[in-house]
Amino acid sequence: MKKKISLIGAGQIGGTLAHLISIKELADDVVLFDVDEDMAKGKALDIAQSTSINGSNIGFKGTSNYEDTKNSDVIIITAGIPRKPGMLRDDLLGTNLKIIKQVAEGVKKTSPKAFVICITNPLDVIVMAFQKYSGLPTNKVVGMAGILDSSRFKYFISQELKVPVKNVESLVLGGHGDTMVPMTNQTTVSGKPLNKLIQKEKLDSIIERTRKGGAEIGKLLQKGSAFYAPASSGIEMAESYIKDLKKTLPCAAYLNGEYGVRNLYAGVPVVIGNLGAEKVIEIKLDDKEKENFEISIKAVKELFEAAIKIDPDLAK
Ligand code: TXD
């Protein structure tokens, strides 16, 4: 069966997603959709011209017409504005809510059966708004943040302990903001508990650097925000869905009682397979982790309340 992936937003992350899909041969057809049609077309053409070098056989199209994205298997959304230096993710709310409403209407009409991965910030609230606006089933709508945050945390630990990053196992849960929760007790390095390998002060500074990981890169880039690691993270989710790998990945998923949370999207471990977000895995949190997770959930809820003030339709 031919696979089609559409990327809504062909900016920094969108373009990188398309290139990774091409290299990994994850689909037969890739559509780059953007309000800036020429940019989408230009990137599609550029990547298409790399396929003879990579040896992949994929069709690329750039467009600003949702009809071209029709019947996509996977949709990855990055449409929106990114942070400028000094901005918080939450500062993007008003603008990106309006954009996600348009995107939801387009996707609902043309690809109601797609698996949708939302990347636009502020992540947890935007993915929830997309699900509400589009009415797509909650198991088919997920947000990408936890893989990226976990990857940053693992990288910093590997650098500190001077070990290969693949030896570090960890995950970061909660909302994608400054209250995100790196699970230190679930973190191991070559199977050994992290807490036994690192001093508390050092670990605290790594947690802080992880929480501010996006801002650190934004400050260096000056124009726009991180895009290579965010794109790789989105691809891991898309691949697990398309190939039915059933990987357990930290993603923003709809919670219906899991972790004591109802009717909210937040970062938790989720099995991603060909049914979408198949199952939320409830890991046991210690008291401190639980407390921090609850603080993070509170922050997501408050931001969603702010979103409802902007658009009361979201309360329905
Ligand atoms: O962990 C995470 N979830 C994230 C999220 C990590 C890094 C960045 N994250 C967020 O992703 C970031 O804060 C932004 O909200 C999105 C996209 O970041 P990117 O760096 O790709 O931004 P760009 O390069 O500005 O691309 C956004 C594109 C741009 O080309 C616009 O023309 C387009 O979105 N855009 C639209 N496309 C379609 N439809 C509409 N309405 C639209 N509006 C803007």
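The values are calculated or read from the model by the stated rules, or taken from the named source; none is laboratory data. Since this is a predicted model, take the numbers as computed values, not measurements. Using ideal geometry, Cβ is built from the backbone for each residue, glycine included, and neighbour counts are taken over all protein chains shown. Surface areas here come from the heavy atoms of the whole protein model, side chains and all, with no ligands, DNA or RNA. Shrake-Rupley method; radii C 1.70, N 1.55, O 1.52, S 1.80 Å.
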Of Tyr241, Tyr228, the only residue that is of a type outside the set (D, E, K, R), surrounded by 14 or more Cβ atoms within 10 Å (Cβ to Cβ) and at pLDDT 95 or above is Tyr241
Checking the condition within 12 Å of the ligand (Cβ to nearest atom), surrounded by 18 or more Cβ atoms within 10 Å (Cβ to Cβ) and in a loop (DSSP other than H, G, I, E, B), which residue from Gly62, Gly80 passes? Gly80
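For (1) β-branched (Val, Ile, Thr); (2) open to solvent by less than 50 Å² (accessible area, probe 1.4 Å); (3) farther than 23 Å from Ala114 by Cα, each residue gets a yes or a no:
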position: Thr248; (1), (2), (3): yes, no, no
position: Asn256; (1), (2), (3): no, no, no
position: Arg262; (1), (2), (3): no, no, yes
position: Gly267; (1), (2), (3): no, yes, no
position: Gly273; (1), (2), (3): no, yes, no
position: Gly276; (1), (2), (3): no, yes, no
position: Glu291; (1), (2), (3): no, no, yes
position: Ala315; (1), (2), (3): no, no, yes
Go through (1) over 18 Å from the mean Cα position of the chain (by Cα); (2) surrounded by fewer than 24 Cβ atoms within 10 Å (Cβ to Cβ); (3) assigned to a loop (DSSP other than H, G, I, E, B); (4) more than 9 Å from the ligand (Cβ to nearest atom) one by one and return the number of the condition Lys41 breaks. (3)
Picking from Leu194, Leu136, Leu173, which residue would you name as being under 30 Å from Gly106 (Cα atoms) and open to solvent by less than 10 Å² (accessible area, probe 1.4 Å)? Leu136
Residue, surrounded by the fewest Cβ atoms within 10 Å (Cβ to Cβ), within the stretch 213-225, restricted to residues that are near the ligand (Cβ under 10 Å from one of its atoms) and either more than 10 Å from Leu148 (Cβ to Cβ) or among the hydroxyl-bearing types (Ser, Thr, Tyr) (or both): Lys223
Out of (1) open to solvent by 40 Å² or more (accessible area, probe 1.4 Å); (2) at pLDDT 95 or above, what's the single condition that is false for Thr210? (1)
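Each row is one residue, and each column tells you yes or no for (1) aromatic (Phe, Trp, Tyr); (2) under 25 Å from Val271 (Cβ atoms); (3) assigned to a helix (DSSP H, G or I).
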site	(1), (2), (3)
Asn96	no, no, yes
Ile100	no, no, yes
Pro112	no, yes, no
Ile126	no, yes, yes
Phe130	yes, yes, yes
Please go through the stretch 228-254 and give me each residue that is touching a helix residue (DSSP H, G or I) at 6+ places or on another chain (Cβ under 9 Å) and either free of Cβ contacts under 8 Å to residues at least 12 places away in the same chain or of a type in the set (A, V, I, L, M) (or both), ordered by number. Ala229, Ala231, Ile235, Met237, Ala238, Leu245, Leu249, Ala252, Ala253
Scan of the stretch 278-289 for residues that are open to solvent by 40 Å² or more (accessible area, probe 1.4 Å), of a type outside the set (A, V, I, L, M, F, W, C) and more than 21 Å from Ile117 (Cα to Cα), ordered by number: Glu282, Lys284, Asp286, Asp287, Lys288
Test: residue in the stretch 155-169 that is part of a helix (DSSP H, G or I), among the small types (Gly, Ala, Ser) and open to solvent by 50 Å² or more (accessible area, probe 1.4 Å): no
Of all residues in the stretch 255-278, which are in contact (Cβ under 8 Å) with a residue 60 or more places away in the chain and of a type in the set (Asp, Glu)? Glu278
Return the residues of the stretch 1-23 that are within 15 Å of the ligand (Cβ to nearest atom) and among the hydroxyl-bearing types (Ser, Thr, Tyr); say none if nothing qualifies. Ser6, Thr16
On the basis of being within 11 Å of the ligand (Cβ to nearest atom), open to solvent by less than 30 Å² (accessible area, probe 1.4 Å) and in contact (Cβ under 8 Å) with a residue 60 or more places away in the chain, does Val103 make the cut? yes
